[in-house]
Amino acid sequence: MVNKNLLQRSGLATLQVAQILAQLEPGMRIPTVTELSEQCQMARGNIQIALNNLKQNRVIRLESHGQNGTIATDIDYVAMARYCSNTNLTCVMPMPYGLRYEGLASGLYEELNQKGVTGAIAFMRGSGYRLACVEEGRFHLCVMSLLAFEHYQQEGKEIQLVVAMGPHSYVEQHRVFVRPDFTGNWENCKVGLDTSSVDQELLTRICFADKPVQYVPIIYSQLVPFLHNGVIDAGVWSADMLPKELRCYPMPCLDEQEKDTIAVLACRRDDNITAQLVRKLLTVDRVEDIQRRVMEKHLIPRY
């Protein structure tokens, strides 16, 4: 529930100032009242009230250094999120098709539910759809690969990287899977292409760039039946999400292939409170340890 005090004009200024100060680390100089007034397009009086609100609620501690400006000697990001009614975090990630995603969801759920913060995990197919939901404000965070994140950044999406996990936290590795009777002739080979998945589309186009193939639109969940019934001859997907009886070829060693195995959390570029809160709450090693134990079936998934 939104803090009712923040519905006033000075309260809106407090929200905006908090988002700006959330970018800082303790020991850094804060913008002047004039600079904050210009950035927030608010009167100086409202900015001063906003700073006083944050100080009185022990969100920040400030120390004046004369001509050198004012230093934020301490910033309590959890208190900031609590004051701004931002402690009910929602995170959307890929559908939990296998133990790797179930483990990742379990690790994120465990880490996002602590210190008075409540975290909820939702699932949705396609990184583009997940990102759109974050842009629209339906979720605070979304999970995607580092490859997808960099692609969206290059497209000019207003997002920021919150946390990056280690290699193989998102997928094991991609392979080129082929139909059971495939002879190895790539001439006019029909290759499945899922344009809703940045990872699958980028890796597929890179892998087959020098081969005379035809691309067939699919949804990645159709890959196995389409290979078996001959709708497609080949397709790129993660090795730990498809049946082992399918024949496969290794992918070329590419930077894109490595980046695709790394899971990242992203949020809106202007949502600094969420970004800093999650960075303070979440320990990558603990998330990865929970993911590993779920994958080894030593821990029951919980999300």
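Every number in this text was worked out from the coordinates using simple rules, so none of it is lab data. Bear in mind that the values here come from a model prediction, so they are computed numbers and not experimental data. Cβ: placed from backbone, ideal geometry, glycine included. Neighbour counts: every protein chain shown.
Brief remarks on what is shown
- Label separation (residue 161 vs residue 201): 2.2 nm, computed from points 7 Å beyond Cα along the C-beta direction.
- Computed magnitude of the charge dipole of region 1-144 (debye, nearest 20; Cβ of K, R +1, Cβ of D, E -1): 320 debye
- One chain, two ends: residue 23 and residue 253. Fully extended at 0.36 nm per residue, the span grows by 79.1 nm beyond their Cα-Cα distance.
- Averaged over residues, the count of other Cβ atoms within 10 Å places the peptides 201-213, 259-271, 169-181 in the sequence 259-271, 169-181, 201-213, highest first.
- Computed E for residue 64/residue 150 - FRET, C-beta separation, R0 45 angstrom, nearest 0.05: 0.65
- For region 169-231, the dipole from Cβ point charges (+1 on Lys and Arg, -1 on Asp and Glu) about the Cα centre works out to 100 debye, to the nearest 20.
- If the segment from residue 183 to residue 231 were pulled out straight at 0.36 nm per residue, it would be longer than the present Cα-Cα gap by 15.7 nm.
- Remark: for residue pairs 157/190; 190/211; 157/259; 157/211, the C-alpha separation exceeds 22 Å in 157/190; 157/211.
- Nearest 10 degrees, 0 to 90: helix 99-112 Cα axis against the chain principal axis: 0 degrees
- Ranked by the mean number of other Cβ atoms within 10 Å of their residues, highest first, the peptides 94-103, 291-300, 60-69 fall in the order 94-103, 291-300, 60-69.
- When only alpha carbons are used to place a centre, region 215-236 and region 239-291 end up 25 Å from one another.
- For region 127-189 versus region 63-123, the spacing of their alpha-carbon centroids is 23 Å.
- Contact order relative to length of the chain, as percent, for alpha carbon pairs under 8 angstrom and 6 or more apart: 24 percent
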